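Q: This is the structure I have questions about; it appears just below.
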Amino acid sequence: MADDMTDEATLIDGKALAARLREKIKDAVTGLKASHDLVPGLAVVLVGEDPASQVYVRNKNKQTVAAGMLSFEHKMPADTSIEELLAVVRRLNEDDKVHGILVQLPLPDHLDTNLVINAIDPNKDVDGLHPINAGRLMAGQKGLVPCTPLGCILLAKQVEPDLTGMNALVVGRSVLVGKPVAQLLLNENCTVTIAHSRTRDLKEVCRDADILVAAVGRPKMIEGSWIKPGAIVIDVGINRVDAPEKGKGKTRLVGDVDFAVARGVAGAITPVPGGAGPMTIACLLRNTLQAACDLHGIEMPNIDI
Ligand code: GUN
């Protein structure tokens, strides 16, 4: 129905944007090899056998190699001790072939995540999770920025290159996404609100949001009717729900926003899957390129998309 179609939000194609970014990174890596004989290297450490983590790590490895970078995988058993894990991190800190270090989360319960993150050389912390990088982001200093938040900003800027003055609402206050994306939006001159599980009237807060970033991990937490007409909606949620319409026992992925209703109200919206998700690994490769350049005092090539 054509009439309905014209009222629907623009779909922000994160899959296509991520592919474009990876192409730019690949060209930059080729250039870096030619000009400086430098090949960026990314090391990923995976402890245990969490199936979702294994899929992420496999994809990271594939895309790192496809971008022309070196990929180092360190798979360790679930009963690895903190001393053994810290020893691997310290070895990677000293390895000149490694410019980016990522320890896949979540770690098994007996391992202290903060101890491990704090042991990573901040200049190789391509996840942007070390407190030094969090501090740099807040202080407006150059540093490594968490990948999913960076992807959110790139997606929003595809719709509106200048976010200055817009009301941005971030729903969720995690260290991995909510807090850093709020800081990045502030750096883009947005007026930023952070809402969370204790927010009193989320519907009311949503009403003024020109940009809404949803990062809570609860399916359909944001109702479509709450969205401000014309808003840019970036849905970071990846929730697996039952999908009986696909057959008995089948599931599908949905975001934190009620997409079916929201797409009739928003100006632009990311789908799930195919929105924010694909941007994360592309931004990880971007950060690895940046870390390699910074560690060697080379100017970062232009990879604007
Ligand atoms: N597990 C899920 N997402 C992430 C991420 O962005 N970084 C790390 N290290 N682990 C994750």
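Q: Looking at Glu8, Glu23, which one is under 30 Å from Glu160 (Cβ atoms), of a type outside the set (A, V, I, L, M, F, W, C) and at pLDDT 95 or above?
A: Working: Glu8 fails: at pLDDT 95 or above.
Only one candidate passes the filter, namely Glu23.
Q: Touching a Ser or Thr at 6+ places or on another chain (Cβ under 6 Å) and not in a loop (DSSP other than H, G, I, E, B): which single residue out of Ile234, Ile194 fits that description?
A: Working: Ile194 fails: touching a Ser or Thr at 6+ places or on another chain (Cβ under 6 Å).
Step by step, each of Ile234, Ile194 is checked, and only Ile234 is touching a Ser or Thr at 6+ places or on another chain (Cβ under 6 Å) and not in a loop (DSSP other than H, G, I, E, B).
Q: If we keep just the residues of region 138-152 that are more than 15 Å from the ligand (Cβ to nearest atom) and part of a helix (DSSP H, G or I), which is nearest to Gly172 (Cα to Cα)? Please lay out each step first, then the result.
A: Of region 138-152, the ones more than 15 Å from the ligand (Cβ to nearest atom) are 138-143.
Next cut, part of a helix (DSSP H, G or I) only: 138-139.
Values: Met138: 18, Ala139: 22 Å.
Among residues in region 138-152 that are more than 15 Å from the ligand (Cβ to nearest atom) and part of a helix (DSSP H, G or I), the one nearest to Gly172 (Cα to Cα) is Met138.
Q: Can you report the number of residues in region 251-299 which are acidic (Asp, Glu) and within 16 Å of the ligand (Cβ to nearest atom)?
A: 1
Q: Now for a different question. Report whether or not Val55 is under 27 Å from Arg136 (Cα atoms), within 16 Å of the ligand (Cβ to nearest atom) and not basic (Lys, Arg). Break it down stepwise before answering.
A: On the way: under 27 Å from Arg136 (Cα atoms): no; within 16 Å of the ligand (Cβ to nearest atom): yes; not basic (Lys, Arg): yes.
For Val55, the condition - under 27 Å from Arg136 (Cα atoms), within 16 Å of the ligand (Cβ to nearest atom) and not basic (Lys, Arg) - is not met.
Q: Give the residue, chosen from Val57, Val88, that is over 30 Å from Asp27 (Cβ atoms) and either hydroxyl-bearing (Ser, Thr, Tyr) or in contact with a strand residue (DSSP E or B) (Cβ under 6 Å, 6 or more places away or on another chain) (or both).
A: Values: Val57 fails: over 30 Å from Asp27 (Cβ atoms).
None of the other options fit; the residue is Val88.
Q: Return a yes/no flag: does region 10-29 have any residue that is under 30 Å from Glu83 (Cβ atoms) and surrounded by 14 or more Cβ atoms within 10 Å (Cβ to Cβ).
A: The first filter runs over region 10-29 and keeps only residues under 30 Å from Glu83 (Cβ atoms), leaving none.
The answer is no; no qualifying residue exists.
Q: Search region 127-153 for residues that are farther than 20 Å from Leu295 by Cα and without any contact (Cβ under 8 Å) to a residue 60 or more places away in the chain and pair each with any residue that is within 12 Å of the ligand (Cβ to nearest atom) and not in a loop (DSSP other than H, G, I, E, B) when their beta-carbon atoms are under 9 Å apart and the residues are at least 6 apart or on different chains.
A: Final answer for the pair search is Pro149/Pro180; Pro149/Cys283.
Q: Follow-up. Does Val88 satisfy being exposed (fewer than 13 other Cβ atoms within 10 Å of the Cβ), assigned to a helix (DSSP H, G or I) and not charged (D, E, K, R)?
A: Numbers: exposed (fewer than 13 other Cβ atoms within 10 Å of the Cβ): no; assigned to a helix (DSSP H, G or I): yes; not charged (D, E, K, R): yes.
So Val88 fails the test.
The values are calculated or read from the model by the stated rules, or taken from the named source; none is laboratory data. On a predicted model such as this, the values are computed, not experimentally measured, just so you know. Every residue, glycine as well, gets a Cβ built from its backbone with ideal geometry; the counts of neighbours run over all protein chains shown.
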